[in-house]
Amino acid sequence: MNWSGPLAPGFCLRLAIAVVCGTAIGLERQLRGKPSGMRTSILVCVGTMTFVQLGARVQGGDPARVLSQVVTGIGFLGAGLMFTRHGSVKGVTSAAVIWTLAGIGAAIGLDLYGDAIALTAVVILVLVGVQRLENTFVSLRRGVHSHTPHWLRGSGVPPEPQVESDDDDADDDGEG
């Protein structure tokens with residue numbers, strides 16, 4: 001086994017790049033209130049980098065086999081982020097981001113630092129850029145990409161309005 005330890009410059013560099021890439025993507029997700037924020041993004045990136053490095057360093061190890069298992073495991077993690085609400089599937093982008101973070105972590109684990117940084121920039125550009133396009137062009141806001149309330153997409157009948165009581169005792173907590 002050729003493990004140089006956690007304080008070796010190579011490990012520290014890989015770890016720093018994984019944390020920076022995960023933080024950059026996770027910050028965008030967290031600022032938008034998505035289920036996979038900074039912690040998840042950093043951990044997926046760092047975890048994948050670690051497993052790929054271990055697979056490459058263990059005597060007789062095969063990084064390709066480790067990668068295939070990581071893809072399977074990340075698939076289950078991503079599937080846990082997706083759910084159905086009001087007849088449409090939610091969380092697909094978050095699941096795709098998790099999958100891409102694993103790819104970035106794998107690139108770092110294989111010492112492809114430039115590729116990982118470029119992928120991180122592309123992911124952020126896609127997440128921010130497509131959102132801006134959707135906000136700018138109405139034609140991009142159709143179907144599940146609509147920002148219309150679900151009750152307008154369904155029956156077309158708005159929910160019953162909430163009527164506030166004019167009764168002074170409506171807010172009374174029973175004391176006094």
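One table, with the values for the structure above:
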quantity: In the range 39-65, the residues that are in contact with a helix residue (DSSP H, G or I) (Cβ under 6 Å, 6 or more places away or on another chain), more than 22 Å from Thr120 (Cα to Cα) and either buried (at least 17 other Cβ atoms within 10 Å of the Cβ) or among the aliphatic types (A, V, I, L, M) (or both); calculated: Gly55, Ala56
quantity: Any hit, the range 103-125, residues being crowded, with 16+ Cβ neighbours inside 10 Å, touching a strand residue (DSSP E or B) at 6+ places or on another chain (Cβ under 9 Å) and modelled with pLDDT of 80 or more; calculated: no
quantity: Scan of the range 101-119 for residues that are in contact (Cβ under 8 Å) with a residue 60 or more places away in the chain and within 18 Å of Gln69 (Cβ to Cβ), ordered by number; calculated: Leu101, Ile104, Gly105, Ile108, Gly109
quantity: Given (1) of a type outside the set (Phe, Trp, Tyr); (2) surrounded by fewer than 19 Cβ atoms within 10 Å (Cβ to Cβ); (3) farther than 16 Å from Ala96 by Cα, number of the condition Lys34 does not satisfy; calculated: (3)
quantity: Verdict on Met82 being more than 16 Å from Leu101 (Cα to Cα) and under 12 Å from the mean Cα position of the chain (by Cα); calculated: yes
quantity: Leading residue by the ranking (nearest to the chain's Cα centre (by Cα)) among those in the range 30-71 that are modelled with pLDDT under 80 and more than 19 Å from Leu15 (Cβ to Cβ); calculated: Asp62
quantity: Odd one out for Thr93 among (1) at pLDDT below 90; (2) over 12 Å from the mean Cα position of the chain (by Cα); (3) surrounded by fewer than 20 Cβ atoms within 10 Å (Cβ to Cβ); calculated: (2)
quantity: Condition met for Ile74 (touching a Leu at 6+ places or on another chain (Cβ under 7 Å) and either at positive phi or modelled with pLDDT of 85 or more (or both)); calculated: no
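The values are calculated or read from the model by the stated rules, or taken from the named source; none is laboratory data. A quick note: this is a predicted structure, and the numbers were derived from the prediction, not measured. So basically every Cβ, Gly included, is an ideal-geometry build from the backbone, and we count neighbours across all protein chains shown.
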